[in-house]
Amino acid sequence: MKKFWITTLGCKINQYESESVRERWLSMGYEQAANDAEADEIVINSCAVTAAALSDLRQTVRAINRRNPEGKIIIAGCAAQVFAKELSELPGVAEVLPQERKYELLKLDKKPEATDGETIFQPFEIDDYERSRAVVKVQDGCSHRCTYCIVPITRGPSVSREADDVVREIRRLLDAGFREMIISGINLSHYGRGFADSFDFWDLMERIEDEFAAEWGGRVRLRISSLEPGQLNERALEVFSRSALICPQLHLSLQSGDRQVLKRMGRGHYKPEDVLVFLDKLKEIWPVFGLGADILTGFPGETVEEFQNTLEFCRKLPLSYAHVFPYSIRPGTAAAVMKGQLNGKTKKERGRILRELVEEKKNSFLQKVLEMDSLKVLFQNKAKGICEFYSTCILDEGFEEKVPRDLVEVKPVAVKDGCLLVKIK
């Protein structure tokens, strides 16, 4: 019996596709190995969003090959699309599958065909998940070419999943016992492009609400993976105000708080100050909410003043966490050949300053949550979980054996090491 192992690097979409492959191979009679050293075939689902991601991939391949010289390594994912030749020369690599061939991992009898030459939503789907929170993929690719971003090259143009398929998958996951699902895509603002009828991401969220809120409101929650600032409009507020399922937490692809930097990034379609206006309105719906952001610092030509503008903007945001990335050159992007490339020391220092600010914001947010009477936590194991605001919660001593699988009502009692200590109510 063939034994396999899947290693996933990068985003939640990669996690979702890996899960789909795992389920498919198990259904075909393959056996999941205990680790990569015991596998006959090893799939590495790769990332290419930063130079560090590619470095991690190379290290991963070499480490697996040392542990398992006879194992057949298959590299799929974003790095496979752009760096196929380089990756094929790494030790142990038997095959590199670009994105347009990644469906081959599903070992389908028939190749999925596009109609009218359009990009298809590849046939990945899931019934289960190896993690406590399941990802539901609703969109892939991106048709907006930010000057720093390699994703449109690695994943191609935007393509959306039909709402009926999304609803069916959520129902399967509910039947399997999942009580939190992450609605995910590469660029959710592009959801619905290419559909015959006008139907966008907020229409999808309303459809899901209509299908499940009456039965599952208060017992199940949906988390939105990442939103574009341009999606923060009155329609979004309307959806949030009537939802019994959506978590009071957002993650925003902000990238910068300076308008000139945003223009050079190809992201001049929103103004940082508009985000602040939206968040003020959101407080009327969610008096407390978690807020995360992606922030890219050290972009080509970023002046001291422009960096300070981003820093000041972040000071105004009610952040509970953020992912701070120093800019790294990605081949084939417009920013790679821009003048004014900053040195590594400057980028690293600006990243450090931003991370320190984010840490202060996070601690302030946790202190605010500490004043609340109760939270609902989905535990990932017997002692650790995530609350509705996406803050990590750890059970106080002596409560480990009382954790059911559903959302658990807890009381926050202290803040320790960037986490909330909680007790079951």
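The values are calculated or read from the model by the stated rules, or taken from the named source; none is laboratory data. What you see is a predicted model, and the numbers here were worked out from it, not measured in a lab. A quick note on method: Cβ atoms are made from the backbone with ideal geometry, for glycine too, and the neighbour counts reach across all protein chains shown. We work out accessible area using only protein heavy atoms, side chains counted, and drop any ligands, DNA or RNA first. Shrake-Rupley method; radii C 1.70, N 1.55, O 1.52, S 1.80 Å.
Peptide packing: for 349-361, 201-213, the average count of neighbouring Cβ atoms within 10 Å per residue gives the ranking 201-213, 349-361, highest mean first. What a 1.4 Å probe finds exposed on the chain is 48% carbon and sulfur by accessible area, rounded to a whole percent.
Post the alpha-carbon centroid distance, region 119-170 to region 38-114, in whole angstrom. Rounded to whole Å, the Cα centres lie 19 Å apart. Under a Cβ-Cβ limit of 4.7 Å, which cysteines in the chain have nobody to pair with? Among the cysteines of the chain, those whose Cβ sits 4.7 Å or more from every other are 11, 47, 78, 142, 247, 314, 387, 393, 419. Of 337, 354, 365, which is farthest on the positive side of the dipole of region 328-367, counting Cα position, with +1 on Lys and Arg Cβ, -1 on Asp and Glu Cβ, and the Cα centre as origin? Going by the charge dipole, the pick is 337.
Summed over the residues of the chain and divided among them, the accessible surface reaches 45 Å² per residue at a probe radius of 1.4 Å. Antiparallel beta bridges, as assigned by DSSP with both residues in the chain, represent about 30 percent of the total such bridges. Computed packing ranks the peptides 21-30, 367-376 as 21-30, 367-376, most packed first, by mean other Cβ atoms within 10 Å. Residues considered: 253, 328, 198. Largest GNM mean-square fluctuation over the chain, using C-alpha springs under 10 Å, is found at 198. Taking a Cβ cut-off of under 10 Å around residue 221, the surrounding Lys, Arg, Asp and Glu residues balance to a net charge of +3, with basic ones at +1 and acidic ones at -1.
Looking at region 275-425 alone, DSSP beta bridges between its own residues are antiparallel in about 70 percent of cases.
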